Amino acid sequence: LGLVYIGYTLFQEYVKDAMAKLEAISSRTLNATDIERHSRQQQEQLNRLLSKFEIINRRLRFNVKEGDDEKKIDEALTITSSSSSSKVSFDENKFFRLIDVDENGSVSYDELNAVMQLKDSEMKEFISQMNHAAAVVDDETSTNTEVSIDVFVDNFLDTLEECTSFQLLPEEAGIRWDEMAQKKEATTKDGKRMIKLNQIYDSSISDFLTDKQIRTIITNFNDILVEEEVHLSRNTEVIDVRGVRGMLVSRDVFCKHYPKVLNKVLEDKMNSNMGTIRSVSGIDIAFRNLQLAVKAGQNVSVNVVDNVTGRIQGGAMTALMGGSGAGKTSLLCALCGKAYYGEVKGDVFINGKLASIQDIASNVGFVPQDDIVYAELTVRENFLFSGKFRLPKKTPNHEIDSLAEDVMASLGLARKANSLVGDVTRRGLSGGEKK
């Protein structure tokens, strides 16, 4: 009985110890989950503030030379962009120390407004909102024009998100126009200096916008300019004869419309980044017992693709891998109806229905291994040439031109529009750019 009692006691101690360890693990897991959730929520808020941080970032860097100051900005605020999305990295403490010029532990009205550049009443309201949110404002301090580091760190992002009057200033738009006019000498028309809209591709604006977003800015400007010209001339025919590529814009017009156009593009960019669930329809392709027989002599044929079954799921990227001569290209050619050199057998299903790739030819692009673009033409000329052959005969030239610009922007080739495609004897695009 004594041994049983001792064993039972030890077992109870073991159970207590195990339960304590489980509780500790559970607590750590909950804390980790809370931290992860908070981090995700903060990143979502930063992404919602992308357009505002783009402006703050440019203002911080405008008068800064390379060196320690630029490194401090990188540590406080960084915006990384890819073709599909952007990410904001923001450290409230380091940002506070960056704008706290006199290093007294609080940010004054003037110090904060150096990057905010709001009207007096708006800036006072901005600081007041931060202090009210931290419950540090009473009747005696309701006119505070300073914010402590604790108040700033806890409330700057929320206050910035609520601020509706923060946007790019016309003066800053003028700086962008001057930059483009200086890089490529402006044209004079009707006594006014003008620049071509497509110069935006080669400006500092392209540092944080994709070609497609710049294309949207140019298109919006084109619509504004055409509308203004129609309004002034009362001539609706101007819409049919004006092309986007050669559209000119003066400094006054650019300063007037650019902040609004840019803000819309950045908001669209932010909204696309915020989509957590992407609806994928796409085209689902499945194939069963696919064969490709190639003649290897008189009355002799060889199956280079032999009873292959598989699926290419809609909305996904599928890689076909294998050694040299394994039949990768043959499989693709058989699947896409490009294997004219042999006999293809088997079933192909498009979205579950027995069909052929030719049935959806308008939705499929086949890029062969060998280049099929014209080396003697520029990128734009290749697209225009293709458009004039593929589009309906009555398609107007300015529409073909606009479509070519859209495609180049979507492919990230807008900056190479006037570059020769080239080949092995003439330097031009890279292999990937040609494909």
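For the reader, a short list of remarks on this structure follows.
- The set of residues from segment 154-168 being modelled with pLDDT under 85 and aromatic (F, W, Y) comprises just one member, F166.
- Tally, over segment 1-37, of residues that are closer than 30 Å to L157 by Cβ and modelled with pLDDT under 70: 9
- Of all residues making up segment 341-377, the number that are at pLDDT 80 or above and closer than 21 Å to R427 by Cα: 5
- Members of segment 304-326 found to be open to solvent by 70 Å² or more (accessible area, probe 1.4 Å) and closer than 19 Å to G337 by Cβ, listed by number: D306, N307, T309, R311, T318, L320
- Verdict on A375 being of a type in the set (A, V, I, L, M) and either surrounded by 15 or more Cβ atoms within 10 Å (Cβ to Cβ) or in contact with a His (Cβ under 6 Å, 6 or more places away or on another chain) (or both): yes
- Lone qualifier among N113, N93, N57 - being part of a helix (DSSP H, G or I), loosely packed, with under 14 Cβ neighbours inside 10 Å and modelled with pLDDT of 80 or more: N93
- Pairs, first at positive phi in segment 331-350, second of a type in the set (V, I, T), C-beta under 6 Å, six or more apart: G337/I357
- Scanning segment 43-51 for residues that are at pLDDT 70 or above and at positive phi turns up nothing.
- For A293, the requirement of being crowded, with 16+ Cβ neighbours inside 10 Å, part of a strand (DSSP E or B), out of contact with any helix residue (DSSP H, G or I) (no Cβ under 9 Å at 6 or more places or on another chain) and at pLDDT 85 or above is met.
- Of note, D223 satisfies the criterion of being modelled with pLDDT of 75 or more, exposed (fewer than 15 other Cβ atoms within 10 Å of the Cβ) and more than 30 Å from D100 (Cβ to Cβ).
- Test: residue in segment 170-187 that is part of a helix (DSSP H, G or I), within 18 Å of the chain's Cα centre (by Cα) and surrounded by fewer than 19 Cβ atoms within 10 Å (Cβ to Cβ): no
- Count of residues meeting criterion [open to solvent by 20 Å² or more (accessible area, probe 1.4 Å) and either under 17 Å from E92 (Cβ atoms) or modelled with pLDDT under 80 (or both)] in segment 125-153: 20
- Subset of segment 406-432 (residues that are among the small types (G, A, S), without any contact (Cβ under 8 Å) to a residue 40 or more places away in the chain and touching a Leu at 6+ places or on another chain (Cβ under 8 Å)): none
The values are calculated or read from the model by the stated rules, or taken from the named source; none is laboratory data. As the structure is a prediction and not an experimental result, all values here were calculated from the model. Don't worry about glycine lacking a Cβ; one is built from the backbone with ideal geometry, like all the others, and counts go over all protein chains shown. Quick note on the areas: whole protein, heavy atoms, side chains included, nothing else; ligands and nucleic acids left out. Shrake-Rupley method; radii C 1.70, N 1.55, O 1.52, S 1.80 Å.
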